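Please read the structure below before turning to the comments.
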Amino acid sequence: MHISLIGLPGCGKSTVGRLLARRLGLGFTDSDQVIEQRIGCSIRLFFEQQGEDAFRDMEEAVLDELTAGTTPAVLSTGGGAVLRPANRLHLHNRSWVVYLHALPEDISRRLRHDMTRPLLQVEDPLQRLCELYAQRNPLYRETAHYVVETRRPTVAGLVNMLAMQLELAGMPASQAAAVLRR
Ligand code: S3P
């Protein structure tokens, strides 16, 4: 069983995912990194040259592959991973899905100097984030098994909380890797 992290761009999926994987003794995969290796360029350039649909096709194929993998791992996904029904189904059925909930205002502050995210290269990124939030928040909630608030806790605090949650689900952090492999 994998652990998948979902949420808006900039909510901390990769940072939390990497630390959680280390804590649980599991591998870590970032689906956007796998996509970039496959397309041979940055996601931003791919968006510009091939368009969003081509990116979503690639994303769907990669998520299907990664969630079907037999070695349990922590998987961090792109913010739009929940847009396609097939992705929502694969993530929900094949992994323990955590939604890192963050508000547009907080993300916009964190990402104000970011140039890598194609969807946020607009005049008013906050307005864009509000639209993404309105569209996706219900989809993240529908896909997740567990929702965690990212506003107050530090990254270490979030990782502790998730490890504890795994424990509550009968998976002590120290044994989670072994248990998840069953
Ligand atoms: C996207 C988010 C990005 C990346 C792509 C599309 C989105 O990932 O997959 O630019 O639709 O929100 P992050 O959530 O890691 O920024």
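A few comments on the model shown:
- Residue check for A86: farther than 16 Å from M1 by Cβ and open to solvent by less than 40 Å² (accessible area, probe 1.4 Å): yes
- In the stretch 129-140 there is no residue matching the filter, namely being more than 15 Å from the ligand (Cβ to nearest atom), among the hydroxyl-bearing types (S, T, Y) and either modelled with pLDDT of 95 or more or in contact with a Phe, Trp or Tyr (Cβ under 8 Å, 6 or more places away or on another chain) (or both).
- Residue count for the stretch 54-77, restricted to those that are part of a helix (DSSP H, G or I), open to solvent by less than 40 Å² (accessible area, probe 1.4 Å) and within 14 Å of the ligand (Cβ to nearest atom): 6
- Going through (1) open to solvent by 20 Å² or more (accessible area, probe 1.4 Å); (2) within 23 Å of L166 (Cβ to Cβ); (3) more than 12 Å from the ligand (Cβ to nearest atom) one by one, S14 falls short only on (3).
The values are calculated or read from the model by the stated rules, or taken from the named source; none is laboratory data. None of these values were measured; they are calculated from a predicted model. Note that we place each Cβ from the backbone using ideal geometry, even for glycine, and neighbour counts take in every protein chain shown. Accessible surface areas use protein heavy atoms only, side chains included; no ligands, DNA or RNA. Shrake-Rupley method; radii C 1.70, N 1.55, O 1.52, S 1.80 Å.
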